[in-house]
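Structure, as structure tokens:
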């Protein structure tokens, strides 16, 4: 009988300890699309241009997505190199990023946007362009790194 009471007590304590609040357990976001690097470059000593693009399109049963990336470039318009980038989506609000952004000087910045998914399939596109009009002493580049589209809601 003594062991039965001890067994019941241990069972009761283990049941109580397993009744935690699961809402406080952090969960990893659901990654829908990822790309390590998207890069356009023109080698040192030459003139020319380079463009590159990548897109993601999928029907989603969610209401919001988050798009993140780091933009890096070593262009300098005072020495004959410029770059541009576009990140476009059919989500809302209509982002100011749905137009071409020109880069005239070195940049290394993180970007993060949250969009409501209002049309199917959801679309996200990334485009980079680089123009070098005078030969450079170093390779010029523009790149997006750590591109990630994740589910928010």
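Computed from the coordinates by the stated procedures, all read-outs in this text should not be read as laboratory data. All values reported here derive from a predicted model rather than from experimental measurement. For neighbour counting, all protein chains shown are included, and Cβ atoms are generated from backbone atoms with ideal geometry for every residue, glycine included.
Compared with the alpha-carbon gap, the fully stretched path from residue 139 to residue 64 is longer by 23.2 nm at 0.36 nm per residue. Over all distinct Cα-Cα pairs of segment 102-145, the Kirkwood formula returns a hydrodynamic radius of 14.0 Å. Legend: Rg and Dmax of segment 78-153, from Cα coordinates, 15.1, 48 Å.
Computed with the Debye formula from one identical point scatterer per Cα of segment 48-118, without solvent, the log10 of I(q)/I(0) at q = 0.12 Å⁻¹ comes to -0.41. Look at the alpha carbon pairs under 8 Å that are at least 6 residues apart: their mean separation over the length of segment 33-150 gives a relative contact order of 48 percent.
Would you calculate the separation in nanometres between label points at residue 30 and residue 51, each defined as 7 Å from the Cα along the Cα-to-beta-carbon direction? A separation of 3.5 nm, rounded to one decimal place.
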